[in-house]
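Worksheet: the structure to be examined is printed underneath.
The values are calculated or read from the model by the stated rules, or taken from the named source; none is laboratory data. Given the structure is predicted, the values throughout are model-derived calculations rather than measurements. Ideal geometry is used to build each Cβ from the backbone, glycine not excepted, and the neighbour counts take in all protein chains shown.
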């Protein structure tokens, strides 16, 4: 099993608003900017093949342009298109805390990172013992109806707790700051509670809700 002591203390950082990566989940990305093509080339030369996904802040706080917690993803698949873009899949490894930026000659950003506090991320898939799947799916159906969305409901009903909650957290169209709240949730149960809050808020448009699913 991988331990945080096996992970590097520096990561190349890819700031991308609204792109959420969670441990053990997969995130497809397109690389086309020259600086990030260079980053991908450099990353593929390393043993870990890790990229740090970080949310830019919507407004700088004390001069900080990036959120302090991100998630490292390992490049597990990539292919080149005819027009020179790369289609990349990152598989989430662990969250981290962003440290100082490393000055250097790379066109992309690199930061010192700390892994302490996220030991759970390297373990087995999480479960949510208090998860009421039927009530959650009822809420999700109302959300999808309000947004005129459709999905494979049989797949959602059969999905494991972590896969269901994390996939929805990553795929649904929430604001970047809301995505950050989902990332920073300390455990799967807390992430589910945060997700429920966001779904309910979106459905009611800011008005009062009679009953909460949390």
- Item | Criterion violated by residue 150 - all others in (1) in contact (Cβ under 8 Å) with a residue 60 or more places away in the chain; (2) outside the structural domain of residue 12 (by TED's automatic domain parsing); (3) not in a helix (DSSP H, G or I) satisfied | (1)
- Note on the structure: Exactly one of 77, 38 is more than 22 Å from residue 178 (Cβ to Cβ) and either in a strand (DSSP E or B) or under 17 Å from the mean Cα position of the chain (by Cα) (or both), and that residue is 77
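Kindly indicate whether any position in the range 172-184 is in a helix (DSSP H, G or I), farther than 24 Å from residue 98 by Cα and either touching a strand residue (DSSP E or B) at 6+ places or on another chain (Cβ under 6 Å) or free of Cβ contacts under 8 Å to residues at least 60 places away in the same chain (or both).
Of the residues in the range 172-184, the ones in a helix (DSSP H, G or I) are 176-184.
When the remaining residues are screened for being farther than 24 Å from residue 98 by Cα, the result is none.
Within the range 172-184 (the criterion being in a helix (DSSP H, G or I), farther than 24 Å from residue 98 by Cα and either touching a strand residue (DSSP E or B) at 6+ places or on another chain (Cβ under 6 Å) or free of Cβ contacts under 8 Å to residues at least 60 places away in the same chain (or both)), the answer is no, since none of the residues qualifies.
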- Could you tell me whether residue 93 is free of Cβ contacts under 8 Å to residues at least 60 places away in the same chain, touching a helix residue (DSSP H, G or I) at 6+ places or on another chain (Cβ under 9 Å) and either crowded, with 21+ Cβ neighbours inside 10 Å or not in a loop (DSSP other than H, G, I, E, B) (or both)? no
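Any chance the range 9-27 includes a residue that's in a strand (DSSP E or B), under 25 Å from residue 192 (Cβ atoms) and touching a strand residue (DSSP E or B) at 6+ places or on another chain (Cβ under 9 Å)? Walk me through it before giving the result.
Initially, the range 9-27 is screened for residues in a strand (DSSP E or B), giving 10-15, 26-27.
Cutting the leftovers down to under 25 Å from residue 192 (Cβ atoms) gives us 26-27.
Those still in the list that are touching a strand residue (DSSP E or B) at 6+ places or on another chain (Cβ under 9 Å) too: 26-27.
Yes, the range 9-27 has at least one match.
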- Does any residue of the range 193-205 turn out to be outside any helix (DSSP H, G or I) and modelled with pLDDT under 95? yes
- Task: Output the number of residues of the range 100-109 satisfying the condition of being in contact (Cβ under 8 Å) with a residue 40 or more places away in the chain and either within 15 Å of residue 48 (Cα to Cα) or surrounded by fewer than 17 Cβ atoms within 10 Å (Cβ to Cβ) (or both).
- Result: 3
- Matching residues in the range 153-162 - criterion: being under 22 Å from the mean Cα position of the chain (by Cα) and either part of a loop (DSSP other than H, G, I, E, B) or surrounded by 12 or more Cβ atoms within 10 Å (Cβ to Cβ) (or both): 156, 159, 160, 161, 162
- Matching residues in the range 47-67 (farther than 19 Å from residue 114 by Cα and in contact (Cβ under 8 Å) with a residue 24 or more places away in the chain) number 1
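One line per residue, one yes/no per condition, for (1) under 20 Å from residue 176 (Cα atoms); (2) modelled with pLDDT of 95 or more; (3) surrounded by 17 or more Cβ atoms within 10 Å (Cβ to Cβ); (4) not assigned by TED's automatic domain parsing to the domain that holds residue 159:
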| site | (1), (2), (3), (4) |
| --- | --- |
| 42 | no, yes, no, yes |
| 50 | no, yes, yes, yes |
| 60 | yes, no, no, yes |
| 63 | yes, no, no, yes |
| 139 | no, yes, yes, no |
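I'd like to know if the range 22-35 contains one or more residues that are in contact (Cβ under 8 Å) with a residue 60 or more places away in the chain and farther than 28 Å from residue 161 by Cα.
First pass over the range 22-35, keeping only residues in contact (Cβ under 8 Å) with a residue 60 or more places away in the chain: 22-29, 34-35.
Checking the rest, the ones that are also farther than 28 Å from residue 161 by Cα come to 34-35.
Yes, that holds for at least one residue.
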